[in-house]
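Inspection log for the structure reproduced underneath, given as C-alpha cells.
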Amino acid sequence: MSEASTTVTVTHVLLVEDNPDDAYLVRRLLNRSSYASFELQIVNRLDEGLKLLGASQFDVVLLDLNVLDSFGLDTLLTAQLSAPHVPIIVMTSLSDEGLGVRAVQLGAQDYLVKGEVDSNLLIRSISYAIERKQVERELRRHRDHLEELVAERTDELVQINTKLEAEIVERQQAEAAERAQRQFSEALRDISNALNSTHDLGEVLDRMLANIERVVPFDLAEVMLFEEGIARIVRAHGYDTATLDKMLGMRVELIQMTHLRHMSETRQPVLLSDVLNCPDEITIAQDSNWRSYIGIPIYHVEEVIGCLSLMAMEPNFFTTVQADHLQAFAEQAALAIQNARLYEQAQALAAIQERERLARDLHDAVSQALFSAAMITESLPRQWDRTPEKVPALLLELHRLIRGALAEMRALLLELRPRSLLDATFSDLIVQLTDAIQSRRRIEVDVAVAEQATMPADVKVAFYRIAQESLNNISKHTRAAHASVTLNAEPHRIELVISDDGEGFDPTRIPSTSMGLSIMRERADSIHATLTISTAPETGTQVRVQWTDGDA
C-alpha cells in the first residue's frame, strides 16, 4: 500500500531589503521550515517592489522601512496604497522598535526586530499576517455588504418615510377639508334654523354673517339690497358703532359703484386680489383701507336683489373655493329676504283683512242696531200721540238695541286692543259678549261666573275666545231661545260650560269649510285644556272646557 501524498501550499513572499546580510538571513530562516514552502523574491528598492506587486501575486510583503529609495513610515504608506490587499510585515532594527509599533497602528499586520527573529517566529508571523489580512478582507467584505444593506434599507426607509409624510399631509388635508365642510354644513344648518324660527330679516342676516366668519374669515362684511338702481346697506359686521350707525341705511347709486353694477348686470361674483390693481371694468375707491374684496350677488329667480360683500386688509386673501361657499350663503340670504318680504305682505294683507272684518262687524251689528234705534226714536213722538200705551215697549226695545250696540263696540275695541282682555274681569267680558248676542237676536242668556275666579293670562284669553266663538255659533247657526254661560272655579281647576236649547247638529257631518270647532280645539290645546262638545240634532249643544293647573 502506497503512502498518501501531501500537497504543500507555496507561500509567495516579497522582501524589500537593501541589506544583503539581512536578506540572506530571511531566506535561510524560511528555508528551515519543514512544514511550509516559501517562494521568496528580494528587491532592495521600494519602486522595484511596487512593480513586482503590480505584476505578480504575493501572499505577504516583508518590508524594511529604510531602503535605498524610501525612508520611515512613508515606505509603509506607499506600499499600502499600491497593494492594499497584501499583508505587510515591517522589519525594524533594534533601535526602531517604537517605529514598528507605530507601523502596526497605521495598518501593518506585524513588525519583527532584526536580530531577534528565528525561523519559527518568522514563519508564524507570516502565517498570522496572511490569516489576519484574510480576516480583514472578509470583515471588510461583510462590512461593505452590510453597508450596502444599510444603504438599501436606508433608501427604503427614506422612501417609506417620504410616503408616510405624504400620507400624513394628505390625511391632514383631508381632515382639514372634512372639518371645513362640517363647519360649512353646521353654518348652513344654523341659518336654516334661523329661517324657520323667525321672520326678522335683521336677525337672520346677523346670524348668517356670524356663521360666514366660521367658514370664510374676513375683516369687514356687508349685506346690501338693490332696489330701483339704488344699493342700501342693511347689515354689516366689523365696523365700530359710530361707523355702523352711519352706514346702515346708506344709499348709493349702482351706476357709481362699478363692482356692484357688475354683479347686478352679470349675476357673477367679483373677486379682487388687490383693490389697488383692479381690472379696467371694475374699480374700487382707492382710499379704502382694505385690500382684498369678494362680492357675491344675491338673486331670486332672475332678479338680483342684493349682494354679500367681504373685505380683508391683506391682499390675495380670498379664493375661488371660498367664493363657491359664499354662493350657498347668498342663496340662504335670498330666501331670508324673500321670506321677510312675503311676511310683510302677509302682515299687510292680514291687517287689511282684519280691518275689513271689523268693518263688516261694525256694519252688521252696530250699524244695524243703531239704525233700528234711530227708527224707534223717530217713531216715538208719533206713537206717544197715537198709541201711548206702546211707548214703554218701544223704550225697552230702544234700550236693548243701544245696550247691544255698546256691547258690540266694546267687543270690537277688544279686538283692536287685546291688552284690554287682560285688564277686564272675566265676568265683564262674558257680559259684553252676551249683551252683543242679545242685540242681534231675541235670545235669553243666563250668565253665572264665579267672582273669585282667577286664571293665568293665556288661560283667560283662550276661555274668552272659546266663549266668543260658541256664542257667535249660537247666534248664527241655531234657533235657540235660551242659552247659558257658567264658569266654575276651584283652587287649581277651572271649568267653562256654554249650553243652548237650539236644534243641535251631527258632529260627524260638519262641512270641511267650517273652522269654528277646530279653532276652539286649537285654543284649548294651546293651554292644555280638555274641550268636550255634546250635541245631537234637536237636542241642543253643550261646550265644556276644563283646565287644570299642571304645576299644582
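Taking the stretch 296-333 as the search range and keeping residues that are of a type in the set (Asp, Glu) and assigned to a helix (DSSP H, G or I), which one is surrounded by the fewest Cβ atoms within 10 Å (Cβ to Cβ)?
Step by step, filter the stretch 296-333, then rank; the result is Asp324.
Cβ-Cβ below 9 Å, separation at least six or inter-chain, first residue in the stretch 533-544 and within 14 Å of Ala483 (Cβ to Cβ) and outside the structural domain of Asp501 (by TED's automatic domain parsing), second assigned to a strand (DSSP E or B) and acidic (Asp, Glu): which pairs?
none
So which residues in the stretch 165-195 are among the β-branched types (Val, Ile, Thr) and under 13 Å from Met208 (Cα atoms)?
Ile191
Tell me which residues, restricted to the stretch 25-40, are part of a strand (DSSP E or B) and either at pLDDT below 90 or farther than 18 Å from Lys114 by Cα (or both).
Answer for the stretch 25-40, where residues must be part of a strand (DSSP E or B) and either at pLDDT below 90 or farther than 18 Å from Lys114 by Cα (or both): Ser37, Phe38, Glu39.
Please enumerate the residues belonging to the stretch 436-463 that are within 25 Å of Thr539 (Cα to Cα) and at pLDDT 80 or above.
Ile443, Glu444, Val445, Asp446, Val447, Ala448, Val449, Phe463
Return the only residue of Phe226, Phe218 being out of contact with any Pro (no Cβ under 7 Å at 6 or more places or on another chain) and under 26 Å from Gln347 (Cβ atoms).
Unique residue meeting the criteria: Phe226.
The rows are residues; the columns are (1) touching a Lys or Arg at 6+ places or on another chain (Cβ under 8 Å); (2) β-branched (Val, Ile, Thr); (3) at pLDDT below 85.
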| position | (1), (2), (3) |
| --- | --- |
| Asp245 | no, no, yes |
| Met250 | yes, no, yes |
| His259 | no, no, no |
| Pro269 | no, no, no |
| Ile282 | no, yes, yes |
| Asp287 | no, no, yes |
| Glu303 | no, no, no |
| Leu308 | no, no, no |
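Go through Arg171, Arg137 for me and flag whichever is more than 26 Å from the chain's Cα centre (by Cα), modelled with pLDDT of 80 or more, assigned to a helix (DSSP H, G or I) and not assigned by TED's automatic domain parsing to the domain that holds Leu326.
None of the others qualify; the one that does is Arg137.
Looking at (1) crowded, with 18+ Cβ neighbours inside 10 Å; (2) without any contact (Cβ under 8 Å) to a residue 40 or more places away in the chain; (3) within 23 Å of Thr425 (Cα to Cα), which one does Leu496 not meet, given that it meets all the others?
In the conditions (1) crowded, with 18+ Cβ neighbours inside 10 Å; (2) without any contact (Cβ under 8 Å) to a residue 40 or more places away in the chain; (3) within 23 Å of Thr425 (Cα to Cα), Leu496 misses (2) alone.
What single numbered condition from (1) under 29 Å from Arg182 (Cβ atoms); (2) not in a helix (DSSP H, G or I) fails to hold for Leu205?
(2)
Given the options Glu203, Glu178, Glu222, Glu156, name the one that is surrounded by 10 or more Cβ atoms within 10 Å (Cβ to Cβ), in contact (Cβ under 8 Å) with a residue 40 or more places away in the chain, among the charged types (D, E, K, R) and more than 30 Å from Pro87 (Cα to Cα).
Only one candidate passes the filter, namely Glu222.
Exactly one condition in (1) buried (at least 16 other Cβ atoms within 10 Å of the Cβ); (2) closer than 19 Å to Asp435 by Cα is false for Arg479; which is it?
(1)
Need pairs with beta-carbon distance below 8 Å; first residue of a type in the set (Lys, Arg) and within the stretch 254-281, second surrounded by 11 or more Cβ atoms within 10 Å (Cβ to Cβ) and part of a strand (DSSP E or B); sequence gap 6+ or separate chains.
Correct list of pairs: Arg267/Pro297; Arg267/Tyr299; Arg267/Val304.
Being closer than 17 Å to Val61 by Cα and among the β-branched types (Val, Ile, Thr): is that true of Val113 here?
yes
So, in the stretch 76-106, of the ones that are among the polar types (S, T, N, Q) and within 14 Å of Asn19 (Cβ to Cβ), which residue ends up surrounded by the fewest Cβ atoms within 10 Å (Cβ to Cβ)?
Among them, the one singled out is Ser93.
Please indicate, with yes or no, whether at least one residue in the stretch 184-198 is outside any helix (DSSP H, G or I), surrounded by 10 or more Cβ atoms within 10 Å (Cβ to Cβ) and either on the phi > 0 side of the Ramachandran plot or not small (Gly, Ala, Ser) (or both).
yes
From Leu121, Leu201, which residue is of a type in the set (A, V, I, L, M) and not assigned by TED's automatic domain parsing to the domain that holds His237?
Only one candidate passes the filter, namely Leu121.
Sort through Leu112, Leu99 and tell me the only one that's touching a Leu at 6+ places or on another chain (Cβ under 8 Å) and modelled with pLDDT of 90 or more.
Leu112
Sort out which residues of the stretch 452-497 are of a type outside the set (D, E, K, R), touching an Asp or Glu at 6+ places or on another chain (Cβ under 9 Å) and part of a strand (DSSP E or B), and write them in order of number.
If the condition is that a residue be of a type outside the set (D, E, K, R), touching an Asp or Glu at 6+ places or on another chain (Cβ under 9 Å) and part of a strand (DSSP E or B), then His482, Ala483, Ser484, Val485, Thr486, Leu487, Asn488, Ala489, Ile494 are the ones that fit.
Evaluate the stretch 92-101: report whether one residue or more is closer than 29 Å to Thr9 by Cα, without any contact (Cβ under 8 Å) to a residue 40 or more places away in the chain, part of a loop (DSSP other than H, G, I, E, B) and assigned by TED's automatic domain parsing to the domain that holds Tyr24.
Checked against the condition, which is being closer than 29 Å to Thr9 by Cα, without any contact (Cβ under 8 Å) to a residue 40 or more places away in the chain, part of a loop (DSSP other than H, G, I, E, B) and assigned by TED's automatic domain parsing to the domain that holds Tyr24, the stretch 92-101 yields no hits at all.
Kindly indicate the residue of the stretch 181-227 that is more than 20 Å from the chain's Cα centre (by Cα) and among the β-branched types (Val, Ile, Thr) and also nearest to Thr319 (Cα to Cα) among those meeting that condition.
So, considering only residues that are more than 20 Å from the chain's Cα centre (by Cα) and among the β-branched types (Val, Ile, Thr), the one nearest to Thr319 (Cα to Cα) is Val223.
Condition (residue is in a strand (DSSP E or B) and modelled with pLDDT of 85 or more) applied to the stretch 272-280: is it met by at least one residue?
So far as the stretch 272-280 goes, yes, one or more of its residues are in a strand (DSSP E or B) and modelled with pLDDT of 85 or more.
The values are calculated or read from the model by the stated rules, or taken from the named source; none is laboratory data. In this text the structure is predicted, and so the values were computed from the model without any measurement. Cβ coordinates were reconstructed from backbone atoms using ideal geometry, including for glycine residues, and neighbour counts include every protein chain displayed.
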